[in-house]
Structures are given as C-alpha cells and as structure tokens.
Amino acid sequence: MSKIAQAEDTDMRSEYDFRGGVRGKHSKAMRAGYTITIHNADGTCTVKEVVPKKGTVVLEPDIQPYFPDSDSVNRTLRCLIPLLPQKRRAKAKA
C-alpha cells in the first residue's frame, strides 16, 4: 500500500508581505516586450528576448470584465463592423 500524502499547507508564509505592492505597475512595459537574463553557475549568461505575438491586443482593465476571452471580443467586433462606413478614407502619408 502506498502512503497517503498529507495535504500541503497552501497559506502564504508570513515573511511574504505584499501590502506595499502596486497592481499592474509593470504592465505597460511588459506589453512592449522584455528581456530575461539568466546567470548560469559557470559564469555565462543566457539572454532571452520576449516580445508579444503579432496581432496581440491588450484590453484596458475596465474593459476586461466584459470580455473574458478572445471569442467574446471577436463576436462583439464582428457585430460592430457592419456599422462602419463602407468607404474608409486612406490615411495621408507624411
């Protein structure tokens, strides 16, 4: 028979204090992409550039509750497309 594993304590440890944290503090910078640098034990560094996928759209926090997933966003936009004028003026090049 195998031993029954005891349930792990899922409470946050007391040394972790997030009271001074600011929600979304780095979200704007993350949208533009970021760099991860890993310092290896042998003294070398591994650098990885992380960029958002082409076509990624980020919703503002006040809009997110209305659109829980990409399907709901796409459905809404497809309903709005027929309301747009048929002929759109081309942007003037500078």
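Each value in this text was obtained by applying a stated rule to the coordinates, not by laboratory testing. Everything numeric here is computed off the predicted structure, so don't read it as measured data. A quick note on method: Cβ atoms are made from the backbone with ideal geometry, for glycine too, and the neighbour counts reach across all protein chains shown.
Which of the listed residues, Met30, Leu80, Ser70, is farthest toward the dipole's positive end in the stretch 28-83, when Lys, Arg count +1 and Asp, Glu count -1 at the beta-carbon?
Leu80
With viscosity set to 1.306 mPa s at 10 °C, what whole-number translational diffusion coefficient in µm²/s follows for the stretch 28-83 from Stokes-Einstein and a Kirkwood radius over Cα pairs?
The diffusion coefficient I find is 109 µm²/s.
Please list 3J(HN,Hα) in residue order for the stretch 38-50, calculated via the Karplus relation 6.51 cos²θ - 1.76 cosθ + 1.60 where θ = phi - 60°; whole Hz, with x for glycine and proline.
10, 8, 7, 4, 7, x, 8, 10, 10, 10, 10, 8, 10
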